[in-house]
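The structure appears right after this line, and notes come after that.
The values are calculated or read from the model by the stated rules, or taken from the named source; none is laboratory data. None of the values given here were measured: they were computed from a predicted structure. Glycine also receives a Cβ, built like all others from the backbone with ideal geometry; neighbour counts cover every protein chain displayed. Remember, those area values only see protein heavy atoms, side chains included, never the ligands or the DNA or RNA. Shrake-Rupley method; radii C 1.70, N 1.55, O 1.52, S 1.80 Å.
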Amino acid sequence: MARNIQSLERAAAMLRLLAGGERRLGLSDVASALGLAKGTAHGILRTLQAEGFVEQDPASGRYQLGAELLRLGNSYLDVHELRARALVWTDDLARASGESVYVGVLHQSGVLIMHHVFRPDDSRQVLEVGAMQPLHSTALGKVLSAYDPVAHTEALDAEREAFTPRTVTDAAGFEGLLDLTRARGWASDVEETWEGIASVAAPIHDRRRMPVGAVAVAGAVERVCGESGEPRPALVASVRDCARSVSRDLGAGRF
């Protein structure tokens, strides 16, 4: 069995210590409580402070939890609330559309699939929760890039790989797709990421009306798209209705 890394164990213990009891603790308090030498405790505190996980009061020199830890905690809660709110609506969307449904969120420079509802048939399928998708070519990624400034920057700064002959990789063309997405309120991916696969996605907003994710339906091109080669209007409407319903449950009101 692999041994735990002692420095990480000590850092975790330090964060737990600062999270309970006194609001602020001095170096001696931390070292004494954890049975560490002051030099060791100081080194760990300095590292945590540099990463934003710990803050030091300039007047007293005491330490407390930092804003970065709060941000990470809120992100964890937001993602899990999003999944909880999306469960019923995405199940309904999968049944109504007959296709797979995905909920994705921005993670680093891609789309993290945090919820996946299987296509409601007897076909063999693989759960894709935890998988990453590109921002520039998928419907989920285009929606996030269109509505989330951070995702927009990530998509523009990243290398936009041509997965198929239909993938748009140049910056001007990509910006045009984002303008179109914002104008109509949804995005599509018709064989831009995978041959034979098309998808439609719409944005999910939270109570602050900020984009927190996107929901998409994906399936074979011949099922998702009509004779025109564009996604079927009824399917687009269903995806947008699902996104609005999840947004309302998150407190966003009407969109």
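Values as computed for the structure displayed
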item	result
Among residues of region 77-120, those that are free of Cβ contacts under 8 Å to residues at least 24 places away in the same chain, more than 27 Å from Val150 (Cα to Cα) and open to solvent by less than 50 Å² (accessible area, probe 1.4 Å), counted	0
Lone qualifier among His152, His136 - being within 27 Å of Ala172 (Cβ to Cβ) and in a helix (DSSP H, G or I)	His152
Subset of region 194-217 [open to solvent by 20 Å² or more (accessible area, probe 1.4 Å) and over 17 Å from the mean Cα position of the chain (by Cα)]	Trp194, Glu195, Gly196, Ile197
Residue in region 4-21 that is most open to solvent (accessible area, probe 1.4 Å), counting only those that are free of Cβ contacts under 8 Å to residues at least 12 places away in the same chain and in a helix (DSSP H, G or I)	Arg16
Pro165 vs. criteria more than 21 Å from Arg209 (Cβ to Cβ), open to solvent by 40 Å² or more (accessible area, probe 1.4 Å), touching a residue at least 24 places away in the same chain (Cβ under 8 Å) and not acidic (Asp, Glu)	no
Residue in region 143-156 that is within 26 Å of Val88 (Cβ to Cβ), open to solvent by less than 40 Å² (accessible area, probe 1.4 Å), touching a helix residue (DSSP H, G or I) at 6+ places or on another chain (Cβ under 7 Å) and not aliphatic (A, V, I, L, M) present	no
Subset of region 150-192 [of a type in the set (Lys, Arg) and more than 26 Å from Ala237 (Cα to Cα)]	Arg160
Contacts under 8 angstrom Cβ, first residue in region 22-36 being within 14 Å of Arg46 (Cα to Cα) and modelled with pLDDT of 90 or more, partner part of a loop (DSSP other than H, G, I, E, B) and open to solvent by less than 50 Å² (accessible area, probe 1.4 Å), 6 or more apart	Gly26/Gly61; Leu27/Gly61; Val30/Leu36
In region 25-51, residue surrounded by the fewest Cβ atoms within 10 Å (Cβ to Cβ) [restricted to those that are farther than 17 Å from Gln6 by Cβ and polar (S, T, N, Q)]	Ser28
Long-range neighbours under 8 Å by Cβ, at least six apart or interchain, first residue without any contact (Cβ under 8 Å) to a residue 12 or more places away in the chain and hydrophobic (A, V, I, L, M, F, W, C) within region 40-63, second exposed (fewer than 14 other Cβ atoms within 10 Å of the Cβ) and in a helix (DSSP H, G or I)	none
Qualifying residue in region 177-192 (condition: closer than 27 Å to Val246 by Cβ, in contact with a Phe, Trp or Tyr (Cβ under 9 Å, 6 or more places away or on another chain), modelled with pLDDT of 95 or more and surrounded by 23 or more Cβ atoms within 10 Å (Cβ to Cβ))	yes
Residue within region 215-230 that is modelled with pLDDT of 95 or more, touching a Pro at 6+ places or on another chain (Cβ under 9 Å) and farther than 18 Å from Gly104 by Cα present	yes
Residue that is surrounded by the most Cβ atoms within 10 Å (Cβ to Cβ), among those in region 121-137 that are aliphatic (A, V, I, L, M) and at pLDDT below 90	Ala131
Failed item, numbered, when Leu140 is tested on (1) surrounded by 20 or more Cβ atoms within 10 Å (Cβ to Cβ); (2) hydrophobic (A, V, I, L, M, F, W, C); (3) without any contact (Cβ under 8 Å) to a residue 40 or more places away in the chain	(3)
